[in-house]
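Engineer: One structure, as structure tokens, below. Some questions next.
Read the figures in this text as sums done on the coordinates, not as results from a lab. Keep in mind that this is a model prediction, so the values were computed, not measured. Don't worry about glycine lacking a Cβ; one is built from the backbone with ideal geometry, like all the others, and counts go over all protein chains shown.
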Amino acid sequence: MAGTATGVEPRAPANRLRNRLLTFGLLLPAGAWYLVMLVLPLVIILIYSFGVRARNGGYEPAFVFDNYARAISKADPFIESLQMSVMGTIGCLLVGLPLAYFLAMRAGRNKSTLLLLLVVPFWTSFLIRTYAWLIILGPNLGLAGQIESIFGVQDVQILGSSFAVLLGLVYGYLPLMVFPLYVTLERMDRTLIEASKDLGAGRWSTFRQVTLPITLPGLVTGSILVFIPMMGEYVIPELLGVGRTYLMGNALVTDFLEARNWPSGAARAVLLIIVMIVTVAGYLWFVNRGRRTRDVSVL
Amino acid sequence: MTERDIKDLLTQGPVSRRGFLAAAGLTGLSATIAACTGTGGAASDAPTAAPTAAPTAVPTAAAASGAVESAAPTVAPAPSYAVEDELIMYNWAEYISDENIKKFKAEYGLKKFQYDVFDNNDVLMAKLQGGASGYDVASPTMNYLPAMIESGFLQKLDMSRIPNMELINPVFRKQWWDPTEEYAVPKDYGTTGILYRSTLLPSVPTSWKEFYDLIKGEASGKTIFVKSRDDVFIFPLKMLGYSLNSVDPNELEQARQILLEVAPHLYGLDSNQYGQTMADGTASMALGWTGELGQSLKDTKDKGYVVPTEGTAFWLDTWVILADAPHPEASYAWLNFIHRPEIQGEETNFNLYATPNDAAKAYVKPAILADPAIFPSEEALKNLEGQEDTSDSTQRNDIWEEFQSKVGG
């Protein structure tokens with residue numbers, strides 16, 4: 001034993017060391033990037049959130065909790081953001097799931113073309129696409145103007161409504177929902193659906209008991225991908241909501257730019273991050289629990 | 001995409017100021033300029049030399065050049081500048097005449113003239129607070145100057161190197177934002193007021209009180225406010241007869257009541273598209289700025305603008321040299337150059353904002369000079385109040401936020 005051990009030993013640590021160095025070296029760029037671009041700014045925001053506004057705006061070091069008290073007492077924009085994001089996520093799901101299903105299962109040889117059509121607008125500036133909706137929903141040639149002329153009614157206003165904002169949110173983030181759904185559906189073993197039908201399940205039961213559980217990882221990823229940016233959305237309420245929908249992103253702009261109160265804005269941002277982490281964690285927990293119980297019931 | 005990219009893009013309305021001027025035609029102006037460029041003394045040939053121009057400069061200039069010129073009331077001899085080969089400017093969009101940039105580059109042999117834009121002072125302020133900006137000159141609005149001076153963002157100016165400062169109307173000199181006149185050179189001024197479309201209203205508002213009644217009445221759902229806290233506060237405070245800079249808790253509370261009362265009647269809060277929104281008839285009134293009149297509303301026949309009788313705010317944009325300016329000599333040269341009467345006159349013809357430089361009025365097209373939306377009447381000038389920096393008033397911020405979340409019901 002001792003002989004073989006000494007025979008191997010001199011090589012193993014060197015190998016392990018080289019492997020470790022290699023792993024370290026390969027992870028270094030990503031690690032450094034995350035540290036400098038994500039962790040450090042978050043730490044700065046956290047520090048700022050306990051400070052006070054300098055006399056002329058900005059940040060002055062201090063250790064107070066006033067900013068948090070103020071942020072909590074002004075929860076309106078946060079609640080409105082939460083409502084909009086939840087509705088937006090559901091909207092993306094309602095539009096995105098059938099679309100992804102069609103692309104993965106039924107599109108046939110048009111699949112690549114259709115996928116490309118979905119991706120191309122996503123490469124265009126988000127702002128320009130949102131501007132386009134100003135014309136689509138607006139008066140005269142737009143939807144509001146068309147409704148007025150067709151039905152002979154007056155003062156139809158779509159821009160500025162929550163509906164317009166919601167439409168903008170769903171439109172803007174839809175691809176982020178479709179792609180993960182598409183990927184999971186694409187990889188799905190189709191014989192499972194046939195098996196389900198052979199065993200006497202109807203369309204709905206097949207969807208509920210076979211397709212949905214398999215799609216779940218994509219559904220979760222997609223929901224999180226659209227929900228998080230929607231919570232911080234600023235441009236869509238500003239343009240399509242004509243400033244009538246006051247969301248968290250707009251409140252942060254007011255804090256940082258108009259009041260020049262960086263600590264107050266930082267405290268709000270920290271709370272937003274915390275609440276989102278909790279929400280997302282809770283969502284993941286709920287979904288996984290659901291899966292587990294279903295797995296058990298299937299067994 | 002960063003916040004600034006977005007904001008920059010947001011400011012690009014459907015009709016640019018340059019586009020408007022191209023349509024309006026610069027023929028008359030170019031003739032004037034052709035007649036007046038060349039020697040500095042030619043400025044005295046201008047038909048309507050402004051009476052208030054530079055009283056102190058007159059005797060010395062006349063004495064110095066008396067043998068050569070009979071009278072040279074406006075232009076002092078330009079000092080020499082060891083100009084670097086670049087100038088990097090941070091400014092509002094479409095705010096400087098391209099022609100003047102070309103002339104400046106040619107005269108001083110600049111290789112590069114960089115013109116970056118911001119769309120509000122807060123973005124400029126945030127940039128400066130973030131550290132070295134790399135810019136030479138910028139044009140903040142005057143109420144931001146004290147904070148910038150105190151934070152050490154601005155360079156102390158040697159006014160003897162900017163002799164054209166003497167051409168500025170005293171109304172805009174040595175005021176609270178720069179009492180010792182050491183940091184800023186006035187650029188353009190304008191007012192916040194009421195824009196309206198007369199055919200969409202039963203009566204045209206002339207005061208904030210009438211504006212208030214219309215918002216709750218016939219113009220309900222058809223009034224838009226610019227998304228600018230301090231401009232929105234002008235309306236309730238002036239209507240109540242208070243200073244628009246008030247931070248008095250009781251006065252602000254009364255203003256709050258009025259704002260919350262009108263909030264559900266508003267179409268929206270928007271500084272980017274409101275001109276267009278009025279042009280297409282969605283809105284019939286706006287609390288806003290005069291710039292839109294020549295842009296989105298230029299083809300709207302029934303447009304109007306009024307400075308409310310209770311008074312309103314004037315804003316004054318100023319030229320400053322930043323503390324860490326990489327090209328200070330070029331910056332000085334620019335500040336003096338831009339206030340040469342013929343150059344400054346062309347600025348007004350280009351950007352349609354009133355110039356505080358009285359000598360330059362001689363070069364401004366008569367139609368522009370006569371437009372009350374651009375140059376307020378002497379009487380209107382009396383009721384104007386300069387905006388102060390009130391961003392540290394928590395009460396104002398709280399009201400502003402409450403108001404924003406109530407807009408549109």
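Engineer: Mean Kyte-Doolittle hydropathy of 0.5 or higher plus an axial Cα length of 20 Å or more: which whole DSSP H helices in chain A meet both?
Structural biologist: A:76-101, A:162-187, A:212-231, A:262-298
Engineer: Let me ask something else about it. At a Förster distance of 41 Å, what's the computed FRET efficiency of A:ASN140 paired with B:GLN114, Cβ-Cβ distance as r, to 0.05?
Structural biologist: My answer for the efficiency is 0.60.
Engineer: Let me confirm one metric for peptide B:394-405, namely the mean number of other chain beta-carbon atoms within 10 Å of its residues' beta-carbons.
Structural biologist: Going residue by residue through B:394-405 and averaging, the value is 5.
Engineer: Same structure again: Quick one: which residues, 5 or more positions from B:ILE321 or on another chain, have an amide H under 5 Å from its amide H? H modelled 1.01 Å from N in the peptide plane, none for Pro or chain starts.
Structural biologist: B:GLN155
Engineer: Quickly work out the A:ILE273-to-B:ARG173 label distance, labels modelled 7 Å from Cα along the C-beta direction, and quote it in nm with one decimal.
Structural biologist: It works out to 5.2 nm between the two label points.
Engineer: In addition: What does the charge count near B:TYR363 come to, summing +1 for each Lys or Arg and -1 for each Asp or Glu among other residues with Cβ under 11 Å from its Cβ?
Structural biologist: 0
Engineer: If you don't mind, there's one more thing I want to ask. Taking chain A as a Gaussian network, Cα atoms linked when under 10 Å apart, which of A:THR245, A:THR211, A:THR124 shows the biggest mean-square fluctuation?
Structural biologist: In this elastic network of chain A, the residue with the biggest mean-square fluctuation among A:THR245, A:THR211, A:THR124 is A:THR124.
Engineer: Pop out the Kirkwood hydrodynamic radius of the protein assembly as shown from its pairwise C-alpha distances, inverse of mean 1/r, in Å to one decimal.
Structural biologist: Final number for the Kirkwood radius of the protein assembly as shown is 29.2 Å.
Engineer: Sorted from largest to smallest, which semi-axis lengths in Å does the alpha carbon gyration tensor of the range B:316-409 give for its equivalent ellipsoid, taking the root of 5 times each eigenvalue?
Structural biologist: Those come to 33, 23, 12 Å.
Engineer: In addition: By the scheme Lys and Arg +1, Asp and Glu -1, what is the net charge of all other residues having a beta-carbon under 9 Å from that of B:PRO328?
Structural biologist: -3
Engineer: Could I ask something else about it? Taking the Cβ of A:GLY58 as the centre, find all other residues whose Cβ is under 14 Å away and add up their charges (Lys, Arg: +1; Asp, Glu: -1).
Structural biologist: Local net charge: -3.
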